[in-house]
1. With respect to ILE180, is the statement that it is open to solvent by less than 40 Å² (accessible area, probe 1.4 Å), in contact with a helix residue (DSSP H, G or I) (Cβ under 7 Å, 6 or more places away or on another chain) and part of a strand (DSSP E or B) true?
2. If I ask for residues that are aliphatic (A, V, I, L, M), touching a residue at least 40 places away in the same chain (Cβ under 8 Å) and open to solvent by less than 60 Å² (accessible area, probe 1.4 Å), which ones from segment 223-242 would you list?
3. Just for segment 243-284: of the residues that are touching a residue at least 12 places away in the same chain (Cβ under 8 Å) and open to solvent by 80 Å² or more (accessible area, probe 1.4 Å), which one is nearest to ALA146 (Cα to Cα)?
4. Which of the residues spanning segment 122-146 are under 13 Å from GLU310 (Cα atoms) and open to solvent by 70 Å² or more (accessible area, probe 1.4 Å)?
5. Residues of segment 125-149 being of a type in the set (Ser, Thr, Tyr) and within 20 Å of ILE200 (Cβ to Cβ), which ones?
6. Residues that are over 14 Å from the mean Cα position of the chain (by Cα), at pLDDT below 75 and either over 20 Å from PHE109 (Cβ atoms) or not hydrophobic (A, V, I, L, M, F, W, C) (or both): does segment 363-374 have at least one?
7. Would you mind stating whether LYS38 is assigned to a loop (DSSP other than H, G, I, E, B), open to solvent by 30 Å² or more (accessible area, probe 1.4 Å) and of a type outside the set (S, T, N, Q)?
Amino acid sequence: MVVLIKILQLVLALSILVLIHEFGHFLFARIFKIRVEKFYLFFDPWFSLFKYKPKNSDTEYGIGWLPLGGYCKIAGMIDESMDKEAMAKEPQPWEYRSKPAWQRFFVIFGGVLFNFILAIVIYTGIMYTWGEQYIKNSDVTTGIYASQLAQEIGFCNGDRIISFDGIVPDKFNELQVDLIRTQAKEAKVLRNGDTVTVSIDPIYIPTILNTPGMFSYGIPFEVKEIPDTSLNASSGLMAKDRLLAINGNSCDMFYKAQEVLMGFKGDSIVATVARGNEIVLVPLLTDTLGRLQVLVNSNLEEFYTVTKKEYTLLSAIPAGINKAVTTVTNYFKELKLIFSPKTEAYKSVGSFITIGKIFPGTWDWHSFWGITAFLSVMLAVLNILPIPALDGGHLVFTLYEMVTGRKPSDKFLEYAQMVGMVLLLGLMVLAFGNDIFRLFN
């Protein structure tokens, strides 16, 4: 059932993105009186699931059976259809190739533009409906719980991260992402009251990319519940008790308590706990794994200030625009990593399998729209890359014509389209190959 829900969310999101993208091309084509021969959701090699051509219309609308995208076939344009027969005929006034370069520019740019507009609309809706909620890095006064990788790099438990290469991070849950995007060479941290510089060896970047959870919240050890089956069910320990020390060893943080308890497996201990305004000594037992067999309070809102922002419809619009622009900027930074072989970020490139996995296993509209907005940005950015067969490749040739006044020949455009399609096929092979490798490793 979880897999089915993920697939349904993926198909719905891609359907929305493809329709909006292709509608951008379609709208500008119709504005400039260019004939659109087909407008399809999904691809239709050999046959389609549905097709309809209105009376007195030049456009056939349909739904293909291959859910890997969609297309808008514009008359007189060299695209993935590679319709050489049509291109060999004399140009007609209603064809793309017969229109001025500036009009053709907007027809091509329309898809990218509409995906960006869609992202703004979705982010605006999210801000208005749900607002924003996050914990600022500066409000995590307990510092980080550093993973084994983070400690190997040079971070310590309890460090409060000040900056990466001079850039001050805002959201705590994006610390690792901020480190990767900036490819930071050093971090400033507050450690035991002193400012310390942690040098980050670039050799770690590939590992950081593929090892989530470097920085966790260093939460206090506060008891939430003592199960009836626990070794300490009748020990006198109470909910809301906050652990301060074990056998005199200070361990006010959960991660510290875990470290100390590992030295007392299957033993009896004396815990110092804070109970309201009192300090109480409680005799406890540990199991053979060094656990107290209690549930720990992990509600972050009880330990840290949660920044919450609510928006009116009017204030949500600039917030949505800002979110879309920031997402575009960050995605360009992430693309730089992929095209940099030393980061090995190309190994993280994924296909629809990877995209499908990022959707939650239960239907959550907040998550769905957030992911859809990000995918809309991703689609816009990838399409504007100057690669033949993508919108960006067509835009480069059109801009060249606008600047020089010389139009590339149809034969050149056909070869460029074929080269671009080979490159895209290679990227698809890489993406599916990575996914298959992850499935079996």
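The values are calculated or read from the model by the stated rules, or taken from the named source; none is laboratory data. Treat the numbers as computed from the prediction; the structure is a model and nothing was measured. So basically every Cβ, Gly included, is an ideal-geometry build from the backbone, and we count neighbours across all protein chains shown. Each accessible area value is taken on the protein alone, full model and side chains, heavy atoms only, with ligands, DNA and RNA left out. Shrake-Rupley method; radii C 1.70, N 1.55, O 1.52, S 1.80 Å.
1. So ILE180 does not fit the description; no.
2. Once the filter is applied, which keeps residues that are aliphatic (A, V, I, L, M), touching a residue at least 40 places away in the same chain (Cβ under 8 Å) and open to solvent by less than 60 Å² (accessible area, probe 1.4 Å), segment 223-242 yields VAL223, ILE226, LEU237.
3. GLN258
4. Correct list: TYR128, THR129, TRP130, GLN133.
5. TYR145, SER147
6. No: segment 363-374 contains no residue that is over 14 Å from the mean Cα position of the chain (by Cα), at pLDDT below 75 and either over 20 Å from PHE109 (Cβ atoms) or not hydrophobic (A, V, I, L, M, F, W, C) (or both).
7. Considered against the rule, which asks whether it is assigned to a loop (DSSP other than H, G, I, E, B), open to solvent by 30 Å² or more (accessible area, probe 1.4 Å) and of a type outside the set (S, T, N, Q), LYS38 comes out as no.
A quick yes/no check of all residues on (1) modelled with pLDDT under 90; (2) outside any helix (DSSP H, G or I); (3) in contact with a strand residue (DSSP E or B) (Cβ under 6 Å, 6 or more places away or on another chain):
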position: THR197; (1), (2), (3): no, yes, yes
position: ILE205; (1), (2), (3): yes, no, no
position: ASP228; (1), (2), (3): no, yes, no
position: ALA239; (1), (2), (3): no, yes, yes
position: ALA245; (1), (2), (3): no, yes, yes
position: GLN258; (1), (2), (3): yes, no, no
